[in-house]
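The values are calculated or read from the model by the stated rules, or taken from the named source; none is laboratory data. Every value quoted in this text rests on a predicted model; they were computed, and no experiment measured them. Methodologically, a virtual Cβ is constructed for each residue, glycine included, from the backbone with ideal geometry; neighbour enumeration extends over all protein chains shown. What goes into the accessible areas is simple: the full protein's heavy atoms, side chains included, and nothing from ligands, DNA or RNA. Shrake-Rupley method; radii C 1.70, N 1.55, O 1.52, S 1.80 Å.
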Amino acid sequence: MYHETGGSDVLNRAKFFFSIVTVGLCLAAGTAWAQRPLPQSPQAAQAHQQVQDPWWKHAVIYEIYPRSFQDSNGDGVGDINGITSRLDYLRDLGIDAIWISPMYPSPLVDFGYDISDYTAIDPLYGTLADFDRLVSEAKLRNIRVIMDFVPNHTSDQHPWFKESRSSRTNPKRDWYIWRDGQRMGQPPNNWQSWFGHSAWKLDPTTNQYYYHHFYTEQPDLNWRNPQVRKAMYDAMRFWLDRGVAGFRIDAVSRLFEEPNLHDDPILPGKNAYGDPNIAHKYTDNLPEVHEVLREMRKVANQYPGNPVLISEADEPNIAELTKMYGAKDDEIQLPMDFQIADVNKLSAPDFRRLLNEIDRNAAGGQPHYFFSNHDQPRQWDRYGDGVHNDQITKLMAALLLTTRATPLMYYGEEIGMRTTEPARKEDVQDPIGKIGWPEEKGRDGERTPMQWDASTNAGFSTAQHPWLPVPPSAAKYDVKAESQDPSSILSFYKRVLALRRSEPALRDGRYLPLNEEDPYVLAFLRRKAGKDDAILVVLNMSAEARTVKFDLAANGVKESSAKPLIAAPEIGPESAQLAHFTVPAFGVFIGSVH
Ligand code: GLC
């Protein structure tokens, strides 16, 4: 559907959410290790080995939007015990870690991204005991749990903000960004919220404005205040002490604002909220962000098991994305690559260029790819052409799961869930949709309940009305039905995930692009250093069958054919000739070569 409209608004909206972070790959880990004594005991030697080859380089991570995964108590909203009850499914799917969107106490203005207590669980989702049980049950299945961490802003109901707003002399006044307005009741400057309109809100109690990059109910913390930093690092420690495997760090490029309050440059045109377009020059990616990322990395490095830091990173180019790994690989290990997520069309040249760039990034950082999340319209319709969406969704799955990157999946993509936007304004839950209707319908469409089976509410909840309706597509796409169909999207995901796990070349071999001038077919090899055999991946990104020729002698391949391992549409077991290789429309071929 996004293709038909040109998709601009919905797709541009996708670029709003994001931030930054950076990976500190082998080198980063090596640097951290270098500060410690050399390993002496076998245990220490084993720990050293882990640092050199951290788990997150080989993991497949799966995002769970907790409100929508599984409701265990019939209130229409998903919860922690619901997630625990589905761990066997996740293990059988073949993922290694789950990132769970925020479950902290929250007034839920931004559905949990407005936090009123960083070290507790909202009763809507369960208790800390439920959380501990989730972590230990997940561990039994070799699944790690990654928390969402929201450092840029709190809820306006957080006790810190309540204190801060109470008087100009309150000790917590400086924990947030307070400024006087300009004359004639004007806000301090022209900065805009990502969620529409001025980023300043006048608070009558003290007659000053506070800054909020997102909703008015999400006041920004002042990261120049050392007490704020300490409180937030303590919150990270609270969860690391409970055994979490790391954090996805929200909106981290927005942590700092230019202190002299220069107006942002105005750009031509208006945005979906009717405001003039501006460049967020003075509130985005300020250099101090990296100082904080280094400090966060140090907190994580104090814990065993190589905790990972993942970040939102809607960086405009590879140079900016590379910075997120840290000048000494000492910041974020996995910055989410929004450039690849937002190609938004099936273009072999565009994907090839971006894959090459990130593969060769100057920091040597681990790439981190995804196509869908709780802020992005789902990939089934974003990349689908309206006719071949199921096949194209397999193509995108193959792309996500066969490169060198650490893949990040979003719940439901493995069964072909689609974006289902609300039909009427009164049905909208996401405040962005309420502010921006009808041009901006909000993010409800990508947050609908998981489709488990053919029972009431697709097995998500026994409530009469789940918090968002189950989409009509649940009649055809659900876990149970697809588990029984070897040609389903789910079966395809499972096969590729299993192959990624069992084939060392796919798990952590090098990425070698092939036929780099081909306008339609994206092809590459994955190969372990010093090994003869390799995996050949061929992805036809066009609506017509394409015949290509591979000359792999320079890559050390002696044989003239490739043995199929997985193909979609399915093909027979006969080897494919490298000199005359035909791939059907939107076809996927994954095979082995020697
Ligand atoms: C991030 C989250 C998004 C949220 C915003 C404000 O972009 O992914 O869902 O609304 O931050 O916290």
Completion exercise
For MET184 and ASN260, extending 7 Å from Cα along the Cα-Cβ vector and measuring point to point gives, in nm, a value of 2.4
Exercise for the section: On each of the three principal axes of the Cα atoms of region 458-516, give max minus min coordinate, whole Å, ordered largest first. Expected result: 51, 24, 20
Fill in the blank from the handout: To the nearest 10 degrees, the tilt of helix 389-402 (Cα long axis) against the first principal axis of the alpha carbons of the chain is 90
Practice task
Once you have the Kirkwood Rh of region 356-490 from its Cα pairs, apply Stokes-Einstein at 20 °C and 1.002 mPa s and quote D in µm²/s.
Solution key: 131
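Counting other Cβ atoms within 10 Å, keep those with at most 15, restrict to DSSP loop, and tell me which trypsin sites (Lys or Arg not before Pro) in region 315-383 are left.
Details: sites: LYS323, LYS328, LYS345, ARG352, ARG353, ARG360, ARG378, ARG382; in loops: LYS328, LYS345, ARG360, ARG378.
Within region 315-383, the qualifying trypsin sites (Lys or Arg not before Pro) (loop, at most 15 other Cβ atoms within 10 Å) are LYS328, LYS345, ARG360.
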Completion exercise
Ranking TRP99, TRP194 from most to least accessible area with a 1.4 Å probe gives TRP194, TRP99
Exercise for the section: Consider a paramagnetic label point 7 Å from the Cα of ALA129 along Cα→Cβ; state which residues of region 71-108 have an amide N under 14 Å from it. Expected result: 81
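Work through the residues other than ASP122 whose Cβ is under 12 Å from its Cβ and net out their charges, Lys, Arg +1 and Asp, Glu -1.
Details: positive: ARG67; negative: ASP79, ASP114, ASP117, ASP130.
Summing Lys and Arg as +1 and Asp and Glu as -1 gives -3.
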Practice task
Just add up the charged neighbours of ARG248: K/R +1, D/E -1, any other residue whose Cβ is under 9 Å from the Cβ of ARG248.
Solution key: -4
Exercise for the section: Any chance you could look up the accessible area of LEU490 with a 1.4 Å probe, heavy atoms only, rounded to 10 Å²? Expected result: 0
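Quote the FRET efficiency, to the nearest 0.05, computed for LYS563 versus ASN73 with a Förster distance R0 of 56 Å and r equal to the Cβ-Cβ distance. Kindly include the intermediate steps, with their values, before the conclusion.
Working: r = 50 Å, r/R0 = 0.89.
Rounded to the nearest 0.05, the efficiency is 0.65.
Within region 505-571, which GluC sites (Glu not before Pro) sit in a loop by DSSP and count at most 12 neighbouring Cβ atoms inside 10 Å?
Numbers: sites: GLU516, GLU517, GLU544, GLU559, GLU570; in loops: GLU516, GLU517, GLU544, GLU559, GLU570.
Within region 505-571, the qualifying GluC sites (Glu not before Pro) (loop, at most 12 other Cβ atoms within 10 Å) are GLU517, GLU544, GLU570.
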Handout entry: Isotropically averaged projected area of region 299-389, using the convex hull of Cα atoms (one quarter of hull area), nm²
Key = 7.1
Fill in the blank from the handout: Around LEU321 (Cβ within 10 Å, Cβ-to-Cβ, excluding LEU321; K/R +1, D/E -1) the net charge comes to -4
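Report the per residue volume, in Å³, of the convex hull enclosing the C-alpha atoms of region 208-344.
Working: hull volume 21.2 nm³, N = 137.
Residue-normalised Cα hull volume stands at 155 Å³.
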Practice task
Take the cross-link list LYS230/LYS270; LYS494/LYS563; LYS394/LYS425; LYS139/LYS345 and give me the ones stretching past 31 Å between alpha-carbons.
Solution key: LYS230/LYS270; LYS394/LYS425; LYS139/LYS345
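For the chain, state the average projected area of the convex hull of the C-alpha atoms over all orientations, rounded to one decimal in nm².
Details: hull surface 109.3 nm².
Mean orientational projected area (the chain, Cα hull): 27.3 nm².
Nearest-5 percent of antiparallel DSSP beta bridges in the chain?
65
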Exercise for the section: Please compute P(r) over all alpha-carbon pairs of region 440-594, binned at 5 Å starting from zero, and give each bin as a whole-number percent. Expected result: 2, 8, 15, 16, 14, 12, 9, 9, 7, 5, 2, 1, 0
